[in-house]
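Each remark here refers to the structure printed beneath this line.
The values are calculated or read from the model by the stated rules, or taken from the named source; none is laboratory data. None of the values given here were measured: they were computed from a predicted structure. Cβ sites come from the backbone with ideal geometry, for glycine too, and all protein chains shown count toward neighbours.
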């Protein structure tokens, strides 16, 4: 039988990693096809333009680092960035009191927050042996359980994990290879515009779920809900949470090492509560405020968009906090978020439920093609990231933020760099 759909490389997934691999291969003259189960590109990058006058990110939101590879693409696309100093302008709320800048907090609380950040930065100096959780490391540095609640919000939720689930060895690996920097930015026009530009003229087949990947010396057959595609090589960029569920069957099975690496990862829920008001109840300088409540981390998505309708504020919760928000009916979860926002802003008796003109819960844990936020590794499993990234027999290649062992996982630029690496491994 003569195969009609023959390609040099079939790429599974049109998220940042898949588009990056596809861009490199396509521009090098390779015949490629990107297959994507969703009806859109982007994966866990998803910008909406109908919630407010400014782009609102339902998924990935920031460029993490002044030297992140994303900046070059933004410039090439003719787009713009907005600097966002979240941690330098951090506001913290104690109990049900309004959030205050760190330098205005009581001395003991201020010392706790600055001390936790210091010990986190010092992780590479201590490098616990054997590997332990970030929670255990902080206990060994003398922090009590009240301080660990703060650390959970400021350090662990950033990684979409709990303190007890984060491998110190994996965090240290990332710190040592980091080349992106510490400053943060948003794309003024939204990540959606960047990916739209980056994916121009790429052959992408949407609404196409992959069921099986049959691979061997004669090449690859990618069996989908639409039709079968044939290639010499295949790059798999779907989230590791999808691989762990067996949603894509590999025949023959992946190597034992690869399967063990996939099983090592953990992916927790990630949820946003997004609200739009007629007017802002916060000052223009607000970028980031936190507390130990359920809706514990808040930021202003329209920060820096002067002259637009910028009365938008969002909560981003992960791990157990996100799970609790997801278990509630949507209106109840959104109402609970407003209750805590009222405390944080100190708006008194103002009924924010009546003031809100639109609201939305975005639950990535319910997303069939994500099954949560970004992946992390528990103690003792730090080698799994590099194993996940290794090619199989020069036929199957792997990309995505979870494979970003030589850069920053859990970031868009990490996903992009992993896609470029996979394209290079394919011979480009």
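Quick check on residue 196: is it more than 17 Å from residue 35 (Cβ to Cβ), surrounded by fewer than 17 Cβ atoms within 10 Å (Cβ to Cβ) and touching a strand residue (DSSP E or B) at 6+ places or on another chain (Cβ under 6 Å)? Considered against the rule, which asks whether it is more than 17 Å from residue 35 (Cβ to Cβ), surrounded by fewer than 17 Cβ atoms within 10 Å (Cβ to Cβ) and touching a strand residue (DSSP E or B) at 6+ places or on another chain (Cβ under 6 Å), residue 196 comes out as no.
Looking at the range 291-319, which of its residues are in a loop (DSSP other than H, G, I, E, B) and on the phi > 0 side of the Ramachandran plot?
Keep residues of the range 291-319 that are in a loop (DSSP other than H, G, I, E, B), which gives 291-296, 300-311.
Selection gives 304, 307.
Within the range 369-376, is even one residue on the phi < 0 side of the Ramachandran plot, in a helix (DSSP H, G or I), modelled with pLDDT of 95 or more and touching a strand residue (DSSP E or B) at 6+ places or on another chain (Cβ under 7 Å)? The answer is no; no qualifying residue exists. Taken together, the residues in the range 204-259 that are surrounded by 15 or more Cβ atoms within 10 Å (Cβ to Cβ), over 19 Å from residue 37 (Cβ atoms) and touching a helix residue (DSSP H, G or I) at 6+ places or on another chain (Cβ under 6 Å) amount to 0. Among the residues of the range 138-147, those identified as in a helix (DSSP H, G or I) and farther than 13 Å from residue 118 by Cα are 139, 140, 145, 146, 147.
Counting residues that are under 30 Å from residue 61 (Cβ atoms), which strands (runs of 3 or more DSSP E) fully inside the range 201-290 reach at least 3?
Details: elements: 210-216, 219-224, 228-236, 249-251, 270-277, 288-290.
Hits in the range 201-290: 270-277, 288-290.
Looking at residue 392, is it in contact (Cβ under 8 Å) with a residue 24 or more places away in the chain and surrounded by fewer than 20 Cβ atoms within 10 Å (Cβ to Cβ)? Spelling it out, residue 392 is indeed in contact (Cβ under 8 Å) with a residue 24 or more places away in the chain and surrounded by fewer than 20 Cβ atoms within 10 Å (Cβ to Cβ). The criterion of at least 2 residues that are surrounded by 22 or more Cβ atoms within 10 Å (Cβ to Cβ) and at pLDDT 95 or above is met by the following strands (runs of 3 or more DSSP E) wholly inside the range 1-116: 6-12, 32-35. When the range 352-367 is limited to residues that are out of contact with any helix residue (DSSP H, G or I) (no Cβ under 9 Å at 6 or more places or on another chain) and surrounded by fewer than 15 Cβ atoms within 10 Å (Cβ to Cβ), the one that is farthest from residue 168 (Cα to Cα) turns out to be 354.
Taking the conditions exactly as written (under 17 Å from residue 171 (Cα atoms), surrounded by fewer than 24 Cβ atoms within 10 Å (Cβ to Cβ), over 15 Å from the mean Cα position of the chain (by Cα) and free of Cβ contacts under 8 Å to residues at least 24 places away in the same chain), does residue 386 satisfy them or not? Before you say what the answer is, go through the steps one by one.
Values: under 17 Å from residue 171 (Cα atoms): yes; surrounded by fewer than 24 Cβ atoms within 10 Å (Cβ to Cβ): yes; over 15 Å from the mean Cα position of the chain (by Cα): yes; free of Cβ contacts under 8 Å to residues at least 24 places away in the same chain: yes.
Here the answer is yes, as residue 386 does meet what is asked.
Among the conditions (1) under 23 Å from residue 297 (Cβ atoms); (2) without any contact (Cβ under 8 Å) to a residue 40 or more places away in the chain; (3) touching a helix residue (DSSP H, G or I) at 6+ places or on another chain (Cβ under 8 Å), the only one that residue 371 does not satisfy is (2). Quick one: is residue 300 modelled with pLDDT of 95 or more, within 30 Å of residue 381 (Cβ to Cβ), buried (at least 21 other Cβ atoms within 10 Å of the Cβ) and outside the structural domain of residue 390 (by TED's automatic domain parsing)? So residue 300 fails the test.
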